[in-house]
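Peer 1: Just passing along the structure, written as C-alpha cells.
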Amino acid sequence: MPPRIDCHQCRYYYVTWQRAHPHGCKAMGFKSAQIPSQAVYQSSGRECLFFDPKRRSKNAQPTNNH
C-alpha cells in the first residue's frame, strides 16, 4: 500500500524547479521525479521517518480560495 504522507505539508519538502527532478527533500538530501515520500517507500518499503508538519507562523493570514 502506498504511503499516506503528504510531502507538500512537510517542512523539508521543496520545489527544485528542475524538470527532471522537480521534488526535493531537505531532510534526506535528494531530488526526485516523484514525491519524496513515494520514492522513499519504493526504495525502502517503509514510510518516511523524517516527516515533520509545516508550522504556521503566528502572523500567517488564512488563504481565501474564492
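Peer 1: Can you tell which of 54, 31, 26 is at pLDDT below 95 and among the basic types (Lys, Arg)?
Peer 2: Going through 54, 31, 26 in turn, the sole match is 54.
Peer 1: In addition: Just for segment 17-33: of the residues that are exposed (fewer than 13 other Cβ atoms within 10 Å of the Cβ) and not aliphatic (A, V, I, L, M), which one is nearest to the chain's Cα centre (by Cα)?
Peer 2: 29
Peer 1: How many residues does segment 35-52 contain that are assigned to a loop (DSSP other than H, G, I, E, B) and small (Gly, Ala, Ser)?
Peer 2: 1
The values are calculated or read from the model by the stated rules, or taken from the named source; none is laboratory data. These figures come from a predicted structure and were not determined experimentally. Note: ideal-geometry Cβ built from the backbone for every residue, glycine included; neighbour counts use all protein chains shown.
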